[in-house]
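Single-structure report; data block below.
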Amino acid sequence: MLELIDTHAHLDIPEFDSQRDALVQTCAERGMRGIVVPAVARTTWDNLRGVCNQSPLLWPAFGLHPCYCVEHTDEHVQALESYLQPGVVAVGEIGLDAWEGDHDLPRQQELFAAQLAIARNARLPVVLHARKTHDLLLKEIRRQRFDCGGVVHAFSGSQQQAEKFIELGFLIGFGGGATYDRAQKLRAILRALPLSSVVLETDSPDIPPSFARGEINTPVNLFRINDILAEVLGIAPEELAAQSTRNALRLFRPDLPH
Ligand SMILES: [Zn+2]
(Lines give C-alpha, C1' and ligand atoms only; values in the text may rest on other atoms or scores of the structure.)
Protein backbone atom coordinates (compact mmCIF):
# COMPACT_ATOMS: atom_id res chain seq x y z
CA MET A 1 0.00 0.00 0.00
CA LEU A 2 1.25 3.49 -0.87
CA GLU A 3 1.78 5.88 2.00
CA LEU A 4 0.92 9.45 1.07
CA ILE A 5 0.68 12.82 2.78
CA ASP A 6 -1.61 15.52 1.42
CA THR A 7 0.41 18.62 2.31
CA HIS A 8 -2.47 21.04 1.58
CA ALA A 9 -6.20 20.44 1.98
CA HIS A 10 -8.81 22.87 3.35
CA LEU A 11 -10.78 20.09 4.97
CA ASP A 12 -12.05 22.37 7.75
CA ILE A 13 -14.50 24.24 5.51
CA PRO A 14 -18.22 23.65 6.19
CA GLU A 15 -18.70 22.21 2.68
CA PHE A 16 -16.89 19.10 3.93
CA ASP A 17 -18.92 18.74 7.16
CA SER A 18 -21.26 16.06 5.82
CA GLN A 19 -18.53 13.92 4.21
CA ARG A 20 -15.39 14.70 6.23
CA ASP A 21 -15.48 11.60 8.46
CA ALA A 22 -16.05 9.30 5.48
CA LEU A 23 -13.31 11.03 3.47
CA VAL A 24 -10.79 10.75 6.29
CA GLN A 25 -11.67 7.10 6.79
CA THR A 26 -11.28 6.32 3.10
CA CYS A 27 -7.95 8.12 3.06
CA ALA A 28 -6.73 6.18 6.11
CA GLU A 29 -7.82 2.84 4.65
CA ARG A 30 -5.96 3.54 1.43
CA GLY A 31 -2.73 4.50 3.21
CA MET A 32 -2.87 8.25 3.75
CA ARG A 33 -0.52 9.06 6.60
CA GLY A 34 -1.47 12.69 7.18
CA ILE A 35 -3.32 15.69 5.78
CA VAL A 36 -2.09 19.23 6.47
CA VAL A 37 -5.09 21.53 7.02
CA PRO A 38 -4.00 25.17 6.60
CA ALA A 39 -6.06 28.06 7.91
CA VAL A 40 -7.11 31.18 6.01
CA ALA A 41 -8.47 33.67 8.58
CA ARG A 42 -8.79 34.22 12.33
CA THR A 43 -12.52 33.43 12.17
CA THR A 44 -11.73 29.88 11.01
CA TRP A 45 -9.10 28.96 13.60
CA ASP A 46 -11.32 27.58 16.38
CA ASN A 47 -13.35 25.43 14.02
CA LEU A 48 -10.18 24.21 12.30
CA ARG A 49 -8.70 23.23 15.63
CA GLY A 50 -11.87 21.35 16.56
CA VAL A 51 -11.95 19.53 13.21
CA CYS A 52 -8.30 18.47 13.48
CA ASN A 53 -8.88 17.23 17.04
CA GLN A 54 -11.27 14.65 15.57
CA SER A 55 -8.56 12.64 13.80
CA PRO A 56 -4.81 12.08 14.19
CA LEU A 57 -4.69 12.13 10.39
CA LEU A 58 -5.54 15.86 10.30
CA TRP A 59 -2.55 18.10 11.00
CA PRO A 60 -3.45 21.74 11.71
CA ALA A 61 -1.64 24.87 10.55
CA PHE A 62 -2.67 28.36 11.63
CA GLY A 63 -2.19 31.59 9.74
CA LEU A 64 -3.70 34.46 7.78
CA HIS A 65 -4.07 33.90 4.01
CA PRO A 66 -3.02 36.84 1.81
CA CYS A 67 -6.17 36.72 -0.32
CA TYR A 68 -8.26 37.72 2.71
CA CYS A 69 -5.94 40.51 3.80
CA VAL A 70 -8.76 43.06 4.19
CA GLU A 71 -10.21 40.87 6.98
CA HIS A 72 -7.00 40.52 8.95
CA THR A 73 -6.19 42.85 11.84
CA ASP A 74 -3.07 43.32 13.92
CA GLU A 75 -4.93 41.65 16.81
CA HIS A 76 -5.32 38.54 14.66
CA VAL A 77 -1.57 38.47 14.11
CA GLN A 78 -1.00 38.86 17.85
CA ALA A 79 -3.37 35.96 18.56
CA LEU A 80 -1.46 33.60 16.26
CA GLU A 81 1.25 32.61 18.70
CA SER A 82 -1.26 31.26 21.24
CA TYR A 83 -2.61 28.83 18.62
CA LEU A 84 0.79 27.25 17.92
CA GLN A 85 0.35 24.48 20.47
CA PRO A 86 1.81 20.95 20.36
CA GLY A 87 0.46 19.06 17.37
CA VAL A 88 0.40 22.14 15.13
CA VAL A 89 2.70 21.37 12.19
CA ALA A 90 3.12 24.78 10.50
CA VAL A 91 2.22 28.43 10.23
CA GLY A 92 0.01 28.89 7.19
CA GLU A 93 -1.28 29.51 4.88
CA ILE A 94 0.61 32.75 4.56
CA GLY A 95 2.21 34.55 1.62
CA LEU A 96 1.64 37.14 -1.05
CA ASP A 97 -0.82 37.22 -3.94
CA ALA A 98 -0.52 39.68 -6.82
CA TRP A 99 -2.57 37.70 -9.29
CA GLU A 100 -5.64 39.80 -9.92
CA GLY A 101 -7.65 42.89 -9.12
CA ASP A 102 -7.28 44.68 -5.84
CA HIS A 103 -4.39 43.53 -3.79
CA ASP A 104 -2.97 45.74 -1.10
CA LEU A 105 0.54 44.40 -1.49
CA PRO A 106 2.15 46.59 1.19
CA ARG A 107 -0.40 45.34 3.75
CA GLN A 108 0.09 41.75 2.58
CA GLN A 109 3.84 42.17 3.02
CA GLU A 110 3.36 43.53 6.53
CA LEU A 111 1.18 40.55 7.49
CA PHE A 112 3.55 38.07 5.86
CA ALA A 113 6.65 39.49 7.56
CA ALA A 114 4.96 39.43 10.97
CA GLN A 115 3.76 35.84 10.58
CA LEU A 116 7.12 34.63 9.26
CA ALA A 117 8.77 36.06 12.37
CA ILE A 118 6.21 34.27 14.58
CA ALA A 119 6.93 30.98 12.78
CA ARG A 120 10.65 31.49 13.29
CA ASN A 121 10.18 32.10 17.01
CA ALA A 122 8.00 28.99 17.28
CA ARG A 123 10.51 26.96 15.20
CA LEU A 124 7.73 25.95 12.81
CA PRO A 125 7.81 25.65 9.01
CA VAL A 126 5.46 27.74 6.87
CA VAL A 127 2.89 26.86 4.21
CA LEU A 128 3.36 29.48 1.50
CA HIS A 129 0.85 30.85 -0.98
CA ALA A 130 2.62 32.60 -3.87
CA ARG A 131 1.16 34.02 -7.04
CA LYS A 132 3.40 36.34 -9.07
CA THR A 133 5.25 37.09 -5.83
CA HIS A 134 7.98 34.46 -5.59
CA ASP A 135 10.87 36.92 -5.67
CA LEU A 136 9.28 39.15 -3.01
CA LEU A 137 8.78 36.14 -0.75
CA LEU A 138 12.37 34.99 -1.26
CA LYS A 139 13.58 38.47 -0.36
CA GLU A 140 11.71 38.53 2.97
CA ILE A 141 12.73 34.96 3.84
CA ARG A 142 16.37 35.95 3.28
CA ARG A 143 15.99 39.26 5.14
CA GLN A 144 14.70 37.49 8.24
CA ARG A 145 17.19 34.63 7.84
CA PHE A 146 14.19 32.34 8.22
CA ASP A 147 15.55 28.82 8.65
CA CYS A 148 12.58 26.60 9.51
CA GLY A 149 11.68 25.73 5.90
CA GLY A 150 8.25 25.27 4.43
CA VAL A 151 6.29 24.33 1.35
CA VAL A 152 5.67 26.60 -1.62
CA HIS A 153 2.21 25.21 -2.23
CA ALA A 154 0.67 24.75 -5.71
CA PHE A 155 3.90 25.96 -7.24
CA SER A 156 3.46 28.39 -10.14
CA GLY A 157 6.87 30.05 -10.42
CA SER A 158 9.89 29.36 -12.60
CA GLN A 159 12.44 26.58 -12.23
CA GLN A 160 15.00 29.13 -11.13
CA GLN A 161 12.69 30.41 -8.41
CA ALA A 162 11.99 26.86 -7.25
CA GLU A 163 15.72 26.24 -6.97
CA LYS A 164 16.16 29.38 -4.86
CA PHE A 165 13.43 28.24 -2.47
CA ILE A 166 15.07 24.82 -2.25
CA GLU A 167 18.41 26.45 -1.38
CA LEU A 168 16.62 28.12 1.54
CA GLY A 169 15.29 24.78 2.81
CA PHE A 170 11.86 24.82 1.18
CA LEU A 171 9.93 22.01 -0.49
CA ILE A 172 7.90 22.50 -3.65
CA GLY A 173 4.25 21.42 -3.69
CA PHE A 174 2.70 19.80 -6.77
CA GLY A 175 -0.88 18.61 -7.23
CA GLY A 176 -3.83 18.71 -9.57
CA GLY A 177 -2.36 21.43 -11.79
CA ALA A 178 0.38 19.11 -13.03
CA THR A 179 -2.11 16.37 -13.98
CA TYR A 180 -3.15 18.32 -17.10
CA ASP A 181 -1.30 17.50 -20.32
CA ARG A 182 -1.22 21.22 -21.14
CA ALA A 183 0.85 21.95 -18.01
CA GLN A 184 4.09 21.38 -19.88
CA LYS A 185 6.06 24.12 -18.15
CA LEU A 186 5.05 22.91 -14.69
CA ARG A 187 5.83 19.30 -15.61
CA ALA A 188 9.28 20.31 -16.89
CA ILE A 189 9.96 22.00 -13.51
CA LEU A 190 8.79 18.88 -11.66
CA ARG A 191 11.18 16.74 -13.74
CA ALA A 192 14.08 19.14 -13.20
CA LEU A 193 13.86 19.34 -9.40
CA PRO A 194 15.47 16.84 -7.04
CA LEU A 195 12.89 14.35 -5.78
CA SER A 196 14.07 15.16 -2.25
CA SER A 197 12.36 18.57 -2.61
CA VAL A 198 8.98 17.49 -3.96
CA VAL A 199 5.79 17.10 -1.92
CA LEU A 200 2.25 16.32 -3.06
CA GLU A 201 -0.99 18.12 -2.31
CA THR A 202 -4.59 18.37 -3.49
CA ASP A 203 -5.46 21.93 -2.36
CA SER A 204 -8.95 20.55 -1.70
CA PRO A 205 -11.58 21.77 -2.50
CA ASP A 206 -9.80 23.73 -5.25
CA ILE A 207 -7.63 22.75 -8.25
CA PRO A 208 -9.55 19.63 -9.36
CA PRO A 209 -7.20 17.25 -11.20
CA SER A 210 -7.71 16.32 -14.85
CA PHE A 211 -9.70 13.20 -13.94
CA ALA A 212 -12.16 15.08 -11.68
CA ARG A 213 -12.90 18.24 -13.66
CA GLY A 214 -15.85 20.22 -12.32
CA GLU A 215 -15.95 18.21 -9.09
CA ILE A 216 -15.11 19.25 -5.55
CA ASN A 217 -11.52 18.14 -5.07
CA THR A 218 -10.82 15.87 -2.08
CA PRO A 219 -7.69 14.29 -0.55
CA VAL A 220 -8.77 10.89 -1.90
CA ASN A 221 -7.72 12.20 -5.33
CA LEU A 222 -4.09 12.33 -4.15
CA PHE A 223 -3.63 8.61 -4.86
CA ARG A 224 -4.37 9.07 -8.56
CA ILE A 225 -2.46 12.37 -8.67
CA ASN A 226 0.56 10.44 -7.35
CA ASP A 227 0.15 7.85 -10.16
CA ILE A 228 -0.05 10.54 -12.86
CA LEU A 229 2.91 12.56 -11.57
CA ALA A 230 5.00 9.40 -11.21
CA GLU A 231 4.29 8.70 -14.87
CA VAL A 232 5.30 12.29 -15.74
CA LEU A 233 8.56 11.67 -13.87
CA GLY A 234 9.07 8.24 -15.42
CA ILE A 235 9.33 6.54 -12.03
CA ALA A 236 7.22 3.99 -10.15
CA PRO A 237 4.26 5.36 -8.14
CA GLU A 238 5.77 3.66 -5.08
CA GLU A 239 8.95 5.69 -5.47
CA LEU A 240 7.19 9.06 -5.72
CA ALA A 241 4.91 8.19 -2.79
CA ALA A 242 7.80 7.06 -0.60
CA GLN A 243 10.01 10.03 -1.37
CA SER A 244 7.33 12.73 -1.10
CA THR A 245 6.07 11.21 2.17
CA ARG A 246 9.60 11.13 3.59
CA ASN A 247 10.04 14.80 2.59
CA ALA A 248 6.78 15.86 4.21
CA LEU A 249 7.55 13.98 7.44
CA ARG A 250 11.00 15.57 7.60
CA LEU A 251 9.47 19.03 7.31
CA PHE A 252 6.32 18.78 9.42
CA ARG A 253 7.60 16.35 12.10
CA PRO A 254 4.02 15.39 13.12
CA ASP A 255 5.18 13.11 15.95
CA LEU A 256 7.23 15.78 17.69
CA PRO A 257 5.71 17.95 20.36
CA HIS A 258 6.55 21.50 19.32
ZN1 LIG B 1 -4.79 26.85 0.27
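Please note which helices (runs of 4 or more DSSP H) are completely contained in region 157-258 and include at least 2 residues that are in contact (Cβ under 8 Å) with a residue 24 or more places away in the chain, under 26 Å from Val91 (Cβ atoms) and within 16 Å of the ligand (Cβ to nearest atom).
222-233, 237-252
So that you can scan it fast, the table gives a plain yes or no per residue for (1) within 15 Å of the ligand (Cβ to nearest atom); (2) in contact with a helix residue (DSSP H, G or I) (Cβ under 6 Å, 6 or more places away or on another chain); (3) basic (Lys, Arg); (4) under 19 Å from Lys139 (Cβ atoms):
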{"position": "Leu57", "(1), (2), (3), (4)": "no, yes, no, no"}
{"position": "Phe62", "(1), (2), (3), (4)": "yes, yes, no, no"}
{"position": "Pro66", "(1), (2), (3), (4)": "yes, yes, no, yes"}
{"position": "Glu71", "(1), (2), (3), (4)": "no, no, no, no"}
{"position": "Asp74", "(1), (2), (3), (4)": "no, no, no, no"}
{"position": "Pro86", "(1), (2), (3), (4)": "no, no, no, no"}
{"position": "Glu100", "(1), (2), (3), (4)": "no, no, no, no"}
- Query: Does region 141-157 hold any residues that are more than 18 Å from Ser196 (Cα to Cα) and not charged (D, E, K, R), and which are they?
  - Reply: Ile141, Gln144, Phe146, Ser156, Gly157
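Yes/no per residue for (1) open to solvent by 50 Å² or more (accessible area, probe 1.4 Å); (2) over 19 Å from Val220 (Cβ atoms); (3) not hydrophobic (A, V, I, L, M, F, W, C):
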site	(1), (2), (3)
Gln25	yes, no, yes
Glu29	yes, no, yes
Asn47	yes, yes, yes
Cys52	no, no, no
Cys67	yes, yes, no
Glu71	yes, yes, yes
Asp74	yes, yes, yes
- Take region 184-219 and flag every residue that is charged (D, E, K, R) and within 15 Å of Ala154 (Cβ to Cβ). Lys185, Arg187, Glu201, Asp203, Asp206
- Note on the structure: For region 1-20, pairs from a residue that is polar (S, T, N, Q) to a residue that is in a helix (DSSP H, G or I), with Cβ under 8 Å and 6 or more apart or across chains, are Thr7/Ala248; Thr7/Phe252
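The values are calculated or read from the model by the stated rules, or taken from the named source; none is laboratory data. Treat the numbers as computed from the prediction; the structure is a model and nothing was measured. Don't worry about glycine lacking a Cβ; one is built from the backbone with ideal geometry, like all the others, and counts go over all protein chains shown. Protein only, heavy atoms only, side chains kept; ligands, DNA and RNA dropped before computing areas. Shrake-Rupley method; radii C 1.70, N 1.55, O 1.52, S 1.80 Å.
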